[in-house]
Structures are given as C-alpha cells and as structure tokens.
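> I am attaching a structure below and will ask some questions about it afterwards.
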Amino acid sequence: MTQLQLARSGKITDLVKNISRSENIPPETIVKGLAEGHIVIPNNRLRKIAQPCAIGKGLSTKINANIGTSKDSSNIQLELQKMRIAIDLGSDTVMDLSTGPKFIETRRAILKSCKVPVGTVPIYEIMINSAVRHKNITDTSVEEMFQALESQAKDGVDFFTIHAGVTKNVLDALQKSRRVLDIVSRGGAFLAQWMIANGCENPFYQYFERVIDIAYRYDITLSLGDGLRPGSIADATDRPQIMELITLGELRNQAVARGVQVMIEGPGHVPLDQVETNVVLEKVICSGAPFYVLGPLVTDIAPGYDHITAAIGGAVAAAKGADFLCYVTPAEHLRLPTLDDVKDGVIASKIAAHAADIVKGVPKAKQRDIDISRARKARDWESQFTMALDSEKPRRYRKASRPGKKDVCTMCGEYCSIKISSSCIKR
C-alpha cells in the first residue's frame with residue numbers, strides 16, 4: 001500500500017509518528033491530511049530517509065534547493081558539497097536538475113548520500129538521451145520516455161516533476177496569446193518542441209495512467225509541473241497558465257483516486273498583487289493539493305538579486321497558503337549557482353518560509369523570534385548567533401567590527417537604545 005492508502009485506512013505509520021514529533025502536531029492530523037490529499041510525504045519505498053518531511057496544510061512551510069550539473073560544469077563533488085550546505089542551512093528537500101554528461105552518476109551519488117527527500121525532472125534525462133542516441137531530441141520515442149521514469153524510480157527518487165499539463169490545447173492557446181516570454185520551463189519547452197515536431201499529444205498527458213502506475217509501484221510523489229508558468233510579470237495569470245492549471249487539477253484527482261500522492265507546481269514571475277490570487281486558484285482548482293512555488297518572483301528587473309525578489313513573493317505566497325518554496329539563488333537566469341549562491345538562496349527562502357509560518361500560526365514559529373529578541377535585550381550575542389538562521393555571518397560581522405568584550409555594537413555604541421532603556425525601565 002502507498003502512504004496515501006495507509007492513511008485512508010487510518011494507519012499511523014512510524015514515518016507519520018516521526019513527522020508528528022518534528023512538526024509538533026498530532027499524528028492523526030497528518031493522517032487526515034494525507035488521506036484528503038492535502039499533505040504529501042515524498043519518500044520512495046526503496047529509500048530510508050534520515051530526515052523525512054511532510055508538505056501541506058497545517059504544516060511548517062518547506063523549502064527545496066536545486067542542485068545539479070550542466071554541460072559546462074559536471075563536477076559531482078561540487079554538487080554534493082552544495083547539497084550538504086543546503087541541508088545544513090535547513091533545506092527540507094533537494095532536487096537534482098543535472099543536464100551534464102554525468103547526470104546518472106550525479107543522481108545516484110546524491111541519492112546515496114542525501115538525508116532528505118530527493119526530486120528530479122525526468123524529461124531532462126529523456127531529452128539528453130535522445131540528443132545522444134538520435135542526434136535530435138524530437139526523435140525520442142514514447143517508450144524511451146517511460147523507460148527513463150522507471151529507471152529513476154528504481155534509483156530511489158522520491159518525487160518527480162512531470163509536465164503533464166502541456167497539452168495541444170494549451171499550446172494552441174499559447175500560440176494565440178500575446179506573451180512576452182513564451183515558455184521559460186525547460187521541461188515545458190522540450191515537450192512543446194517534441195509535440196510540435198511529431199504532431200502528437202504530450203505522452204505524459206495522453207498516457208498519464210502509465211505515469212501513475214510507476215508512481216504507485218514506488219510510492220513516488222508526483223509534482224505536476226507548470227510548463228506554462230509565466231517568465232515575465234506581464235504574462236502572469238494569463239489564459240495558457242490557467243488552462244494548464246485546470247488540467248493539472250484533473251490529473252491530480254485521477255492520481256489521488258489511485259492512491260498516489262500529488263502536489264502542484266506554481267508560477268514563476270507574478271506581480272505582488274496577484275500572488276494571493278494564484279494561491280487561491282490553485283487551492284480551489286486542485287482540491288487543496290499542496291502548492292509548490294518557484295518564488296514567485298515579483299519583479300523582472302533584479303538579475304543578481306533574484307533570491308530577494310523570490311523571497312518577497314515566497315513570503316506572501318506561503319502566508320496565503322502555499323506549502324513549499326523552491327529556492328531561487330542570486331545566479332538565477334545568469335549561471336549555475338556557486339556554493340555562496342546556494343547559501344544565499346537557501347537563507348532567503350528560509351526567511352520567507354519562517355515569516356509565513358508566523359502568520360500561519362505554525363507551532364513554535366513565533367517563539368524563536370521571541371527568544372532571539374530576549375537575547376538581544378540581554379546583549380547575549382552568542383545566543384543570538386546560535387538561534388539565527390545563519391550563525392556564521394552575524395558572528396563574523398560582530399567579530400570584525402567589535403573585537404573585545406563590549407556588550408554593544410558599533411552602530412550605536414554607548415548610545416544603545418536597548419541598554420539605555422534596560423537601565424531605566426524595570427520589570
């Protein structure tokens with residue numbers, strides 16, 4: 001039985017008990033959410049995950065870090081180092097988006113050493129294999145596509161991004177639209193190219209039952225990808241995006257009916273006043289399925305700082321009900337991220353997630369802020385560093401600007417408002 005089926009039978013598994021302790025909520029609440037399809041636990045039945053997580057309604061907001069090689073950079077050890085940094089800083093999952101020549105070796109190395117759930121986008125492997133075997137990515141066969149899914153499932157991948165909503169009808173709507181940027185999803189672009197060249201429907205849509213079969217056998221969570229997500233704020237919430245979302249909602253119901261867990265991936269570039277609308281639409285159209293958002297990025301003018309634009313959108317989205325934030329690094333749209341880029345992306349996303357958790361009333365979320373504020377009042381610097389999302393940077397700043405043992409910082413010095421008020425306000 002899959003985790004979804006076990007939940008429907010009322011079974012409280014050891015995995016659920018583990019997550020119940022980490023979330024500080026009753027296991028019955030998690031079982032109910034699983035049974036309703038409002039919570040997912042990505043965990044391939046072939047893997048034993050040291051730090052599992054649940055994603056969805058009533059839980060803390062989770063974040064994902066993307067890593068992986070490219071054709072220009074295929075250093076597996078470097079990607080493993082990025083993985084470790086991301087997890088150490090609090091990433092709840094990792095996705096391997098490798099497109100380099102050693103993509104299989106990279107995936108297996110990540111799965112072997114990763115202690116959190118691992119996701120992939122199988123269409124990347126499909127199109128790379130096709131380019132090698134056929135010299136043209138449009139010549140791949142439907143069977144080759146499903147062989148890649150089966151291979152990754154056997155490796156132990158916990159969740160798949162499947163762009164099953166890129167249909168002929170959606171592409172027709174795209175052709176008639178006035179989008180500034182047509183398709184910014186690599187998976188969506190690959191499938192659109194294959195569909196147009198072959199005059200065929202998207203195999204992941206046409207044969208979605210086969211996708212479900214593989215996910216069911218390995219208890220893989222399906223993350224239904226947003227191949228038509230907007231890549232410019234001018235394109236947000238347009239007809240192609242919403243048509244795809246409606247299709248994903250239908251596919252979600254089909255998979256859940258078979259006992260397969262599903263989450264829905266969400267937009268890209270969305271102006272601030274449309275973020276809540278996008279969350280509400282997903283929750284209504286997709287029957288409350290967990291919502292996994294890339295950002296959203298609330299402006300297009302900040303290359304090099306897109307971890308900030310994504311954190312702004314992510315905080316609003318999660319506060320309004322999004323469940324899972326995909327980190328965005330400063331390197332987004334520019335290059336493969338470095339170790340420092342990964343760190344900045346994770347921290348920005350964690351800030352957004354935590355800010356939203358305070359609004360959601362997640363157990364103990366606000367207490368962390370209260371505790372660090374009390375440490376500030378006491379000018380207890382080490383406690384502040386320990387409780388911070390990133391302990392290294394504030395400790396380094398403090399050391400560089402205030403050697404010695406003074407209890408104030410160089411911003412205010414002896415005119416420190418906290419110190420002054422503590423001397424005259426007694427409680």
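Values quoted throughout were computed directly from the atomic coordinates according to the rules given, and no laboratory measurement underlies them. All values derive from a computational prediction rather than experimental measurement. Glycine also receives a Cβ, built like all others from the backbone with ideal geometry; neighbour counts cover every protein chain displayed.
> Would you work out which of Gly413, Ser423, Phe385 lies farthest towards the positive end of the dipole of region 365-424, given +1 charges on the beta-carbon of Lys and Arg and -1 on that of Asp and Glu, about the Cα centre?
Gly413
> Just from the alpha-carbon atoms, what are the Rg and Dmax of region 307-427 in angstroms?
17.3, 54
> Another question, if that's okay. Among the DSSP beta bridges whose two residues both lie in the chain, what percent are antiparallel, rounded to the nearest 5?
Details: 2 of 28 bridges.
The antiparallel proportion sits near 5 percent.
> Next up: For the chain, treating each Cα as an identical point scatterer without solvent, what Debye log10 I(q)/I(0) comes out at q = 0.07, 0.10 1/Å?
Debye curve over Cα of the chain, log10 I(q)/I(0) at q = 0.07, 0.10 Å⁻¹: -0.35, -0.69.
> Pairs of Cα atoms under 8 Å, at least six residues apart: use those to get the relative contact order of the chain, whole percent.
Working: 815 pairs, mean separation 64.8, N = 427.
RCO, the chain: 15 percent.
> Report, in debye and to the nearest 20, how large the dipole of region 41-360 comes out about its Cα centre when Lys and Arg carry +1 and Asp and Glu carry -1 on their Cβ. Spell out each step's value before the answer.
Details: 33 positive and 36 negative charges, 126 e Å.
Roughly 600 debye for region 41-360.
> Further question on the same structure: Report Rg (one decimal) and Dmax (nearest whole number) for region 279-337, counting Cα atoms only, units Å.
12.4, 36
> So, R0 is 25 Å and r is the distance between the beta-carbons of Gln51 and Gln367; what FRET efficiency does that work out to, to 0.05? Numbers along the way, then the final one.
Details: r = 22 Å, r/R0 = 0.86.
Approximately 0.70, to the nearest 0.05.
> Considering amide H positions built from the backbone, and no H for Pro or chain starts, which residues 5 or more places from Gly266, or on another chain, come under 5 Å of its amide H?
Distant-sequence amide H within range of Gly266: Tyr292, Val293, Leu294.
> With a 10 Å radius around each residue's Cβ, average the other Cβ atoms per peptide and rank 214-226, 317-329, 338-350, 376-388, highest first. List each step's numbers first, then the result.
Working: 214-226: 24.5, 317-329: 26.2, 338-350: 21.7, 376-388: 15.2.
Ranking, from highest mean packing down: 317-329, 214-226, 338-350, 376-388.
> Would you mind estimating how fast region 88-175 diffuses translationally, via Stokes-Einstein at 10 °C and 1.306 mPa s with the Kirkwood radius over Cα pairs, in µm²/s? Please list the in-between numbers first.
Working: Rh = 14.4 Å.
Once the numbers are plugged in, D ends up at 111 µm²/s.
> Using θ = phi - 60° and the Karplus form 6.51 cos²θ - 1.76 cosθ + 1.60, what ³J(HN,Hα) does each residue of region 112-129 get, whole Hz, x for Gly and Pro?
5, 10, 8, 9, 10, x, 10, x, 9, 10, x, 4, 5, 4, 4, 6, 5, 4
> A further question on this structure: Between Lys399 and Lys102, what length in nm is gained on full extension when 0.36 nm per residue of separation is reduced by their alpha carbon distance? Please report the intermediate quantities before stating the final value.
Values: separation 297, 0.36 × 297 = 106.92 nm, distance 4.21 nm.
Gain on extension, Lys399 to Lys102, equals 102.7 nm.
> If you don't mind, another one. Cross-link partners among aspartates and glutamates for Lys168, C-alpha distance below 19 Å, same-chain residues fewer than 8 apart left out?
Asp139, Asp182, Glu201, Glu209, Asp226, Asp238, Glu244, Glu250
> Explain nothing, just compute: Karplus ³J(HN,Hα) = 6.51 cos²θ - 1.76 cosθ + 1.60, θ = phi - 60°, for every residue of region 151-167 in order, whole Hz, x for Gly and Pro.
4, 5, 4, 5, 5, x, 4, 8, 8, 10, 8, 10, 8, 7, x, 7, 9
> Okay, moving on. Based on Cα positions only, what radius of gyration and what Dmax would you give for region 166-279, in angstroms?
Expressed in Å, the Cα Rg and Dmax of region 166-279 come to 14.4, 42.
> Same structure, new question: For Asp340 and Asp182 in the same chain, what is the full-extension length gain: residue separation times 0.36 nm, less their Cα-Cα distance, in nm? Spell out each step's value before the answer.
On the way: separation 158, 0.36 × 158 = 56.88 nm, distance 3.09 nm.
Between Asp340 and Asp182, full extension yields an extra 53.8 nm.
> I've got another one for you. Going down the table (Lys71/Lys176; Lys399/Lys426; Lys17/Lys360), which pairs top 32 Å between alpha carbons?
Numbers: Lys71/Lys176 34 Å; Lys399/Lys426 30 Å; Lys17/Lys360 22 Å.
Over 32 Å apart, Cα to Cα: Lys71/Lys176.
> Something else now. Kindly state, to the nearest 0.05, the FRET efficiency for Val132 paired with Asp88, given R0 = 30 Å and r defined as their beta-carbon distance.
Working from the Cβ atoms, E equals 0.30.
> Per 0.36 nm of contour for each residue apart, how much would the distance between Glu144 and Ala234 grow if the chain were fully extended, relative to their Cα-Cα spacing? Don't skip to the answer; put the middle values down first.
Details: separation 90, 0.36 × 90 = 32.40 nm, distance 3.66 nm.
Taking 0.36 nm per residue and subtracting the Cα distance, the gain is 28.7 nm.
> I've got another one for you. Determine ³J(HN,Hα), in whole Hz, for all residues of region 220-234 in sequence, where each value follows from phi through the Karplus function 6.51 cos²θ - 1.76 cosθ + 1.60 and θ = phi - 60°; x replaces Gly and Pro.
So the Karplus estimates, Gly and Pro as x, are 8, 7, 8, 9, 6, x, 9, x, 10, 4, x, x, 9, 5, 5 Hz.
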